[in-house]
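A short write-up of the structure that comes next.
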């Protein structure tokens, strides 16, 4: 494993550790019943498992001098995670109204998905391996999802005032506060945002990245499968004398 990949794995481990601290702070500030306690515990265990797995992966890769993971995939994932963080910031600090908010969300999602797909296509073409394309998609998705998860958790801990002053959130709370068990608006939206944070990590990160990696690898494999027979059946060119 090259030095850059090792350093990037270390960054992911540090980010997961920061996430553990943020989850503990969310639980201390906003947990109000057994369900939210279970959500906090589940998020904590998930990030702990990720940190341990990353540490073991890095240790084994260093010992075996493995060339994986692709440091480029992790680096691109971290950059894409910053795009997710910007999208989260726009939604909470600027709080654009509908339908502008949905359009902005979709634009960020599309840009991130296309970037991961492009990475997978490039990796499949470079290596000729479907597995490497899936790995590139999974690593970039995981890294981007982890950054997005931390941004959302940090928003809960340090930016709750913005969340509770969002006009859309105020409208949702006024229509639902009498039917839910959360004692305050802050408690309610803390765990709504908490679920979104881990949704970015699991669904929009690992799952989406892996699927886009698979799609990119299959597309390249399909193109080569069609193009190779066509190339072989073309008659040889005659050189003019």
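The values are calculated or read from the model by the stated rules, or taken from the named source; none is laboratory data. Small disclaimer: the values here were computed from a predicted structure and weren't measured. Glycine gets a Cβ as well: all are built from the backbone with ideal geometry, and neighbour counts include every protein chain shown.
What the table below lists for this structure:
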item: Filtered residues of region 20-41 (kept if surrounded by fewer than 18 Cβ atoms within 10 Å (Cβ to Cβ) and free of Cβ contacts under 8 Å to residues at least 24 places away in the same chain); result: 21, 24, 28, 34, 35, 37, 38, 41
item: Where residue 217 falls short, out of the listed (1) farther than 22 Å from residue 83 by Cα; (2) modelled with pLDDT of 95 or more; (3) crowded, with 18+ Cβ neighbours inside 10 Å; result: (2)
item: Residues satisfying the stated conditions in region 92-117, i.e. in a helix (DSSP H, G or I) and touching a residue at least 24 places away in the same chain (Cβ under 8 Å); result: 92, 93, 101, 108, 109, 111, 112, 113, 115, 116, 117
item: Matching entry among 114, 107, 119, 211 (being out of contact with any helix residue (DSSP H, G or I) (no Cβ under 7 Å at 6 or more places or on another chain), crowded, with 17+ Cβ neighbours inside 10 Å, farther than 30 Å from residue 27 by Cβ and modelled with pLDDT of 95 or more); result: 211
item: Residue check for residue 77: out of contact with any strand residue (DSSP E or B) (no Cβ under 9 Å at 6 or more places or on another chain) and surrounded by fewer than 20 Cβ atoms within 10 Å (Cβ to Cβ); result: no
item: Residue that is modelled with the highest pLDDT, among those in region 171-188 that are more than 25 Å from residue 27 (Cβ to Cβ) and either touching a strand residue (DSSP E or B) at 6+ places or on another chain (Cβ under 6 Å) or part of a helix (DSSP H, G or I) (or both); result: 171
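Conditions (1) within 17 Å of residue 201 (Cβ to Cβ); (2) part of a helix (DSSP H, G or I), marked per residue:
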position: 5; (1), (2): no, yes
position: 20; (1), (2): yes, yes
position: 32; (1), (2): no, no
position: 37; (1), (2): no, yes
position: 52; (1), (2): yes, yes
position: 59; (1), (2): no, yes
position: 63; (1), (2): no, yes
